[in-house]
Amino acid sequence: MSAAFVTRFAPSPTGYLHRGHAYSALTAFETARAAGGRFLLRIEDIDVTRCRPDYEAAIVEDLTWLGLGWEQPVLRQSEHLADYEAALERLRADGLAYRCFRTRRELTLAAQSAPHGAAPATPGGPLPAAEEARLLQQGRPFAWRLSLAAAEDRLGGFDHLSFTEAGAGPDGETGEIAVDPWPGGDIVLARKDVGVAYHLAVVVDDARQQVSHVVRGQDLFAACHVQRLLQALLDLPAPVYRHHPLLVGPDGKRYAKRDRAQTLREIRQSGVTASDLRRELGFSR
Ligand code: GLU
């Protein structure tokens, strides 16, 4: 098939990988192999408050044990902060980003008192210039948010924007999906504590690495709406998306770091071989 098929596995080194990650990485890897394409590993380590080098080393070790190989050099997002800053600067220059001084608590309270159906995290748009100057003067921390209202103006509405789902979303969504970023509200482009946020870094890197197919879990399906919008605003190419169902444990719940799901290293230490695990996950080779 197409030699232009490029996909990636993009874990954040905030913990040890578990079965769910193994399933996702193998799905991306095997999809690339079947397409005669390329498989990349990308370390999404922009969140300096949570990422750790030992987790990154463990990711490489665990994936190697699983039998995966990837191209070098591995892209580490922490080494490309200037590029995300440049993308943010472009959005700012185009009047699409604004400073948000609200705390998480204030936003939660605002969402609770908002009329039913209002966007969950819409913090009300930019402040009047004098108010903003006063808060800046006080040294109050702020995040940069994308203004959906400004983005809508700029693009003349979102009606003509869509993304291609070649797998399926959590509710079976497939094919050409109309972009609707409103439910997500004015997302954060750069956090108060970290100079960039997830969505911006992902779209910059998917374009930089010429990712043609994003193969990832259905938990990230909703992210496509804003990621496709950012691609349009930054004139970046749109990859095809291929979301896979999430692996569930014997209790019917998805595996997650926070639930202390058994890690790949624990599985390995218990004597399970990589081929055992691959078979268990439905990969015969
Ligand atoms: N870094 C994200 C995560 O760990 C994945 C990003 C993506 O695949 O788009 O969930």
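The values are calculated or read from the model by the stated rules, or taken from the named source; none is laboratory data. Remember, it's a predicted structure, so these values are computed and weren't measured experimentally. Every residue, glycine as well, gets a Cβ built from its backbone with ideal geometry; the counts of neighbours run over all protein chains shown. Just the protein is used for accessible areas: all its heavy atoms, side chains included, with ligands, DNA and RNA removed. Shrake-Rupley method; radii C 1.70, N 1.55, O 1.52, S 1.80 Å.
Listed values, structure above:
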read-out: Helices (runs of 4 or more DSSP H) wholly inside the range 109-210 that include at least 1 residues being touching a Ser or Thr at 6+ places or on another chain (Cβ under 9 Å); value: 148-155, 198-208
read-out: Residue within the range 246-260 that is farther than 30 Å from GLY157 by Cβ, within 14 Å of the ligand (Cβ to nearest atom) and part of a helix (DSSP H, G or I) present; value: yes
read-out: Pairs where the first residue, in the range 201-219, is under 24 Å from ARG145 (Cβ atoms) and within 11 Å of the ligand (Cβ to nearest atom) and the second is open to solvent by 10 Å² or more (accessible area, probe 1.4 Å) and aromatic (Phe, Trp, Tyr), C-beta under 7 Å, 6+ apart; value: none
read-out: Number of the exception - ASP219 against (1) open to solvent by less than 50 Å² (accessible area, probe 1.4 Å); (2) over 25 Å from ASP94 (Cα atoms); (3) part of a helix (DSSP H, G or I); (4) of a type outside the set (S, T, N, Q); value: (1)
read-out: Odd one out for GLU71, checked against (1) under 16 Å from the mean Cα position of the chain (by Cα); (2) part of a loop (DSSP other than H, G, I, E, B); (3) at pLDDT 95 or above; value: (1)
read-out: Checking ARG33 against (1) near the ligand (Cβ under 10 Å from one of its atoms); (2) over 23 Å from ALA190 (Cα atoms); (3) surrounded by fewer than 22 Cβ atoms within 10 Å (Cβ to Cβ), the condition it does not meet; value: (1)
read-out: Candidate set: the range 1-30, residues that are open to solvent by less than 10 Å² (accessible area, probe 1.4 Å), within 11 Å of the ligand (Cβ to nearest atom) and part of a helix (DSSP H, G or I); chosen: the one nearest to GLY249 (Cα to Cα); value: ALA25
read-out: LEU236 in contact (Cβ under 8 Å) with a residue 40 or more places away in the chain and away from the ligand (no atom under 12 Å from the Cβ); value: no
read-out: Residue within the range 242-255 that is farther than 18 Å from GLY217 by Cα, of a type in the set (Lys, Arg) and surrounded by 12 or more Cβ atoms within 10 Å (Cβ to Cβ) present; value: no
read-out: Some residue of the range 221-236 being in contact with a Cys (Cβ under 7 Å, 6 or more places away or on another chain) and modelled with pLDDT of 95 or more; value: no
